[in-house]
Each structure stands twice: as structure tokens, then as C-alpha cells.
Amino acid sequence: MIDPALIARRRAFSRKPYATLSDVGLDGEYVSPLQILAASPSGPVLIAYHWLDAATARKKAACLRNLGYLPTLNFNKVVDAALRIGGLTRADVYMTQAFHLLPAKRSAAIPAGDVDASFAAITRYELQGRRVIALGTAAARACKRGGVTPEQIVMHPSARGLSFDAKANVLASAILKLTVPAKALEKGI
């Protein structure tokens, strides 16, 4: 269960010209729709730059209300493959993003000041006391500006430069580095 105070922080945050989850019909009992399936209270946090654009969120709302993400996007294919490699599911991690609003269009540039305002109002509270993996340099930079040091930084899952399998293997390794010790402690090993 997501802390209601975090949900309230997300609901209270808005900034023009961006849409909120409520604006696109996707408000719910989560900080990010990703947490419909990925809200582990103890697993590592996978933090991305931002979740989705408003146009796509409106168009794909039915799938997003069910899963919280679009399985056909390369980003999600890599994340899901990495979790499979590690013998994990989305339930074993907590997923969020640095920027909690939705730009109008896909791949829109979001000024650092807007990302930082969202991070300060919401994300930093999600990350307190958590083990963090930054998905890409933009997410890593947002963490750094927000006073959070990720334990792992990996290539953005949809970035060019490595094969799908290579990105999935790198992410799986990063997740397992932060997951296996916690699982061993739970089992008393």
C-alpha cells in the first residue's frame, strides 16, 4: 500500500503547461500508475525521468488503468526482461519517476526547474530510506540535484547504444545487487 501522504503530495502538485493524472482520467491510489504492479515497500526503487505524455495516456487509458504501463514500449520490454532474468516481477520493485506530470507530447523537453520542483514536492519523499536505481542520466541528474545518490545508475531502458538484451542484463544485474541481500536477510541467511 502506498503511503496516503505521498498520494496527497502528487495530487497537490501541478504546473502549467503539464497535465496531471486527474486531467487524463488516471488518478488513483498511487503516486505513479507504475505502482499498480510495482509498489514493493522494501524492494529497490527504479526511478525514471518521467512516466508518459498526456496524449498517449488519454489514448491508452484502458490499458494504463489495468497495468499502469504500456507493455509494448521498449522501455517496459527491457524492464520486464530484466526482472525475468533476475527471477523477479514488478511486485518485487518500486517504480516511480522524477517528474510526476505529463507533457503534452512524447519526448517533450522538460526544463530542469520543472523536474526539480516535482522531485522536491514528491519524489524525494518516495525515496527516503530506499535503495535507488536511476534509469538513465536524466533521472540520475534529477536525483543528484534533489540530494539523492542512486546506488546504481544504468542506461535508460529505451536508449540507443546497446542491444535490448544487453540493457536488460545490465538492469537485471543492478536490481539483483540491491535485491539479493535484502531477500537473504528476510530468510535469515
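The values are calculated or read from the model by the stated rules, or taken from the named source; none is laboratory data. Only a predicted model underlies this, so the values are computations on that prediction, with no experimental measurement involved. Neighbour counts run over all protein chains shown; Cβ positions are idealised from the backbone, glycine included. Note: areas computed on protein heavy atoms with side chains; ligands, DNA, RNA excluded. Shrake-Rupley method; radii C 1.70, N 1.55, O 1.52, S 1.80 Å.
Across the accessible surface of the range 1-76, with the other protein chains kept in place and a 1.4 Å probe, carbon and sulfur atoms take up 54 percent.
The aspartates and glutamates within cross-link reach of Lys144, meaning a Cα-to-Cα straight distance under 14 Å and a gap of 8 or more places when in the same chain, are Asp116. A 1.4 Å probe, protein heavy atoms only, puts the accessible area of Arg141 near 130 Å². Among beta bridges from DSSP that stay inside the chain, the antiparallel ones total about 15%. Looking at the range 88-119, the trypsin sites (Lys or Arg not before Pro) that sit in a DSSP loop and have at most 12 other Cβ atoms within 10 Å of their own Cβ are Lys105, Arg106. Please tell me which of these pairs span more than 19 angstrom C-alpha to C-alpha: Lys16/Lys105; Lys59/Lys167; Lys60/Lys105; Lys59/Lys105? The answer is Lys59/Lys167.
Relative contact order, whole percent, for the chain stands at 27, derived from Cα pairs under 8 Å and 6 or more residues apart.
All other residues whose Cβ lies under 14 angstrom from that of Glu151 are scored, Lys and Arg at +1 and Asp and Glu at -1, for a net of +4.
Shown are Lys144, Lys77, whose ranking by accessible area with a 1.4 Å probe and every protein chain present, most to least, is Lys144, Lys77.
When shorter helices are ignored and each DSSP H run of at least 4 residues is given -39500 (n - 2.57), the per-residue value for the chain at 222 nm works out to -12000 deg cm²/dmol.
When the residues Leu176, Leu162, Leu21 are ordered by accessible surface, computed with a 1.4 Å probe over the protein chains alone, the sequence from largest down reads Leu162, Leu176, Leu21.
When Cα extents along the principal axes in Å is computed from the coordinates, the matching label among (i) 48, 35, 31; (ii) 68, 39, 37; (iii) 53, 28, 28 is (i).
For the chain, the solvent-accessible area with a 1.4 angstrom probe is 48 square angstrom per residue.
So how tilted is helix 164-186 from the main axis of the chain? Cα-based, degrees 0 to 90, rounded to 10. That helix lies at roughly 70 degrees to the long axis.
Note on Thr72: accessible area is roughly 110 Å² with a 1.4 Å probe, heavy atoms of protein only. Each of Met1, Met95, Met155 has its accessible area taken with a 1.4 Å probe; listed largest first, they run Met1, Met155, Met95. Here Asp23 sits with roughly 90 square angstrom of accessible surface, probe radius 1.4 Å.
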